[in-house]
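Asker: Below is a structure I'd like to ask you about.
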Amino acid sequence: MADPNGANAKIGNAIRALVNRPPVTGTNTLLVTHKPNIADAFGRELADVKEAETLIYRPNPAGPPTLIGRVQASEWLVQAARPKS
């Protein structure tokens, strides 16, 4: 059984708190981390997170942040290659 006060729990709690902090108006917040930290913060249901995948969360002052999207690295490359309008 995992220690609820151990290093993994502390890292998970810190990441959740950062993700759940609303960004300054007109900006976004970007956190870069590793797969084990994602699992510690958001549970084993995200154990399938891919290399360079982006998880998009909406802060929720009343509870945990809400996962609203997942973007694969290959999708960013497609977007970057599109002509600017």
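Asker: Among the residues of the range 1-17, which ones are surrounded by 15 or more Cβ atoms within 10 Å (Cβ to Cβ), out of contact with any Pro (no Cβ under 7 Å at 6 or more places or on another chain) and modelled with pLDDT of 90 or more?
Answerer: Ile11, Gly12, Ile15 - these are the residues of the range 1-17 that are surrounded by 15 or more Cβ atoms within 10 Å (Cβ to Cβ), out of contact with any Pro (no Cβ under 7 Å at 6 or more places or on another chain) and modelled with pLDDT of 90 or more.
Asker: Residues of the range 33-63 being hydrophobic (A, V, I, L, M, F, W, C), within 26 Å of Gly6 (Cβ to Cβ) and loosely packed, with under 12 Cβ neighbours inside 10 Å, which ones?
Answerer: Ala47
Asker: Here's another thing I want to ask about it. Of all residues in the range 19-32, count the ones that are out of contact with any Gly (no Cβ under 9 Å at 6 or more places or on another chain) and surrounded by 14 or more Cβ atoms within 10 Å (Cβ to Cβ).
Answerer: Count: 1.
Asker: Could we say that Thr66 is surrounded by 10 or more Cβ atoms within 10 Å (Cβ to Cβ), in contact with a Lys or Arg (Cβ under 7 Å, 6 or more places away or on another chain) and of a type in the set (Ser, Thr, Tyr) here?
Answerer: Criteria met by Thr66.
Residues are listed down the side, and each one gets a yes or a no for (1) farther than 21 Å from Asn28 by Cα; (2) out of contact with any helix residue (DSSP H, G or I) (no Cβ under 7 Å at 6 or more places or on another chain):
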site	(1), (2)
Gly43	yes, yes
Ala52	no, no
Tyr57	no, no
Thr66	no, yes
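Asker: Listed residues Leu67, Leu46, Leu55; which is over 12 Å from Ile15 (Cα atoms), modelled with pLDDT under 90 and within 11 Å of the chain's Cα centre (by Cα)?
Answerer: Step by step, each of Leu67, Leu46, Leu55 is checked, and only Leu46 is over 12 Å from Ile15 (Cα atoms), modelled with pLDDT under 90 and within 11 Å of the chain's Cα centre (by Cα).
Asker: Six or more apart or on different chains, Cβ under 6 Å: which pairs go from a residue in the range 34-45 that's closer than 14 Å to Pro65 by Cβ to one that's modelled with pLDDT under 90 and part of a helix (DSSP H, G or I)? Could you list them?
Answerer: These pairs meet every condition: Ile38/Leu46.
The values are calculated or read from the model by the stated rules, or taken from the named source; none is laboratory data. Treat the numbers as computed from the prediction; the structure is a model and nothing was measured. Quick reminder, even Gly has a Cβ in these numbers, built from the backbone with ideal geometry, and neighbours come from all protein chains shown.
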